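Structure first, commentary second.
The values are calculated or read from the model by the stated rules, or taken from the named source; none is laboratory data. For clarity, every value in this text was computed on a predicted model and none was experimentally measured. Here the Cβ is made from the backbone with ideal geometry for all residues, glycine too, and neighbour counts use every protein chain on show.
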Amino acid sequence: MSVIDDYKKLMLEVRSGTFKPVYLLHGEESFFIDRIADEVEHLALADHERDFNQTILYGRDANHETVKDTCLRFPMMAERQLVIVRELQNWRIDELEKLESYLVKPTPTTVLVLCHKHKKVDGRKGVIKAVLKGGGSVLLSEKVKDDKLPDLLMSVAKSQKRRLGPTEAQLLASHLGSDLAKAVKEVEKLCLVTEEGGQISSDHIQRFVGISKEYNVFELQAAIGMRNTAKAQQIAAHFAADPKDNPLVLTIGFLNTYFNKVAMVHTLAGKSPQEMASALKVNPYFLKDYQSAARNYPLARLVEIQRHLRQCDLQSKGVGGASAGDGELLREFLAKAMS
């Protein structure tokens, strides 16, 4: 299963009131670790139980003995106690290994949450096996791939009883994808301004997130694919007028990925739509757009376009003595690519 599937499963368990004795949350993506830890903290105890039964420790201050001694205490006037250890990545692996005796046989009235961010726990050691043997849960929080982010954002909206379509999800993902926590928070903000059961529209996104529904990289790609030169140049002019929110380096990166996928359509001729979408790592909903672009741009032309794009990238970095601004470079590239 993917990290998204594992995350959803754990969240459902916690929200149903089912708590494991130990949660080991580790990996590069902080978002899933923070969300699960926060959800357990919110639901494991009632408000009146927290003063005596909730302990939050930090890896830089606590050692294995402190954690173990805290976990061995009995709850006071409550069904369970909660112990959260944040910043566990500050521990050496041998310090973490000293917790194994407890992880294998955890106290049934304690819920222990171990947050190990920015890197995963060494799987060659016995820590992960100890957690699983003791009936705990382990989540490896990996970075979400770009093609999976729109699905995650749609599921976030669905969990809030709102509807977010593939086009709108892709728009948000394209604009905010490098920061998963920010992207999810923006969807949650959109849910607050949309009635239950309602549709989050591009108008909502433009008004409350600030992403133009007409002038964005997603629409630029669509205009290029349809060979709509006027629209593409119009978007480029908008980018030039607002370079802070539309940096050329990011636009070039998006276009490079886009043209690579259009080229792949040519090489995947004869494959089923499902196979093509999987190979391109795109939602099947958008496959027809890439197929249409491939009809407009033969493979030999795409090779030439990539050469123009590399030249544009170099010029934007001052290579070749070009004095043109970013907006002018993008418009010049589009003129060459779409001629």
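Which fully enclosed helices (runs of 4 or more DSSP H) of the stretch 127-184 have 2 or more residues being over 16 Å from the mean Cα position of the chain (by Cα)?
On the way: elements: 127-133, 149-159, 166-176.
Answer list for the stretch 127-184: 127-133, 149-159.
Would you point out the residue of the stretch 249-297, among those that are closer than 18 Å to M338 by Cα and hydrophobic (A, V, I, L, M, F, W, C), that is nearest to the chain's Cα centre (by Cα)?
Here the answer is F254.
If you check G135 against the conditions, is it in contact (Cβ under 8 Å) with a residue 60 or more places away in the chain and on the phi > 0 side of the Ramachandran plot?
Answer is yes for this residue.
Somewhere in the stretch 190-202, is a residue in contact with a Ser or Thr (Cβ under 7 Å, 6 or more places away or on another chain) and surrounded by fewer than 17 Cβ atoms within 10 Å (Cβ to Cβ)? So that I can check it myself, show each step before the final result.
Our first condition is that a residue be in contact with a Ser or Thr (Cβ under 7 Å, 6 or more places away or on another chain); within the stretch 190-202, this holds for 200.
Subsequent filtering for residues that are surrounded by fewer than 17 Cβ atoms within 10 Å (Cβ to Cβ) retains none.
No, because not a single residue in the stretch 190-202 is in contact with a Ser or Thr (Cβ under 7 Å, 6 or more places away or on another chain) and surrounded by fewer than 17 Cβ atoms within 10 Å (Cβ to Cβ).
Check E41, E29 and return the single one that is of a type outside the set (S, T, Y), surrounded by 15 or more Cβ atoms within 10 Å (Cβ to Cβ) and out of contact with any helix residue (DSSP H, G or I) (no Cβ under 8 Å at 6 or more places or on another chain).
Working: E29 fails: out of contact with any helix residue (DSSP H, G or I) (no Cβ under 8 Å at 6 or more places or on another chain).
That would be E41, the only listed residue that is of a type outside the set (S, T, Y), surrounded by 15 or more Cβ atoms within 10 Å (Cβ to Cβ) and out of contact with any helix residue (DSSP H, G or I) (no Cβ under 8 Å at 6 or more places or on another chain).
Are any of the residues in the stretch 28-44 touching a residue at least 12 places away in the same chain (Cβ under 8 Å) and either more than 27 Å from the chain's Cα centre (by Cα) or assigned to a strand (DSSP E or B) (or both)?
Within the stretch 28-44, the subset touching a residue at least 12 places away in the same chain (Cβ under 8 Å) is 28-37, 39-41, 43-44.
With either more than 27 Å from the chain's Cα centre (by Cα) or assigned to a strand (DSSP E or B) (or both) added as a condition, the list becomes none.
Checked against the condition, which is being touching a residue at least 12 places away in the same chain (Cβ under 8 Å) and either more than 27 Å from the chain's Cα centre (by Cα) or assigned to a strand (DSSP E or B) (or both), the stretch 28-44 yields no hits at all.
Here is a check on your reading of the model: is F52 of a type in the set (F, W, Y), in contact (Cβ under 8 Å) with a residue 40 or more places away in the chain and in a helix (DSSP H, G or I)? Write out each step before concluding.
Working: of a type in the set (F, W, Y): yes; in contact (Cβ under 8 Å) with a residue 40 or more places away in the chain: no; in a helix (DSSP H, G or I): yes.
Answer is no for this residue.
When you go through V131, V113 one by one, which is the residue that is surrounded by 18 or more Cβ atoms within 10 Å (Cβ to Cβ), in contact with a Leu (Cβ under 6 Å, 6 or more places away or on another chain) and among the β-branched types (V, I, T)?
Working: V113 fails: in contact with a Leu (Cβ under 6 Å, 6 or more places away or on another chain).
After ruling out the rest, the residue left standing is V131.
Quick one: which of K9, K20, K68 is surrounded by fewer than 21 Cβ atoms within 10 Å (Cβ to Cβ), free of Cβ contacts under 8 Å to residues at least 12 places away in the same chain and either not in a loop (DSSP other than H, G, I, E, B) or not assigned by TED's automatic domain parsing to the domain that holds K185 (or both)? Steps first, please.
Numbers: K20 fails: free of Cβ contacts under 8 Å to residues at least 12 places away in the same chain; K68 fails: free of Cβ contacts under 8 Å to residues at least 12 places away in the same chain.
When all the criteria are applied, what remains is K9.
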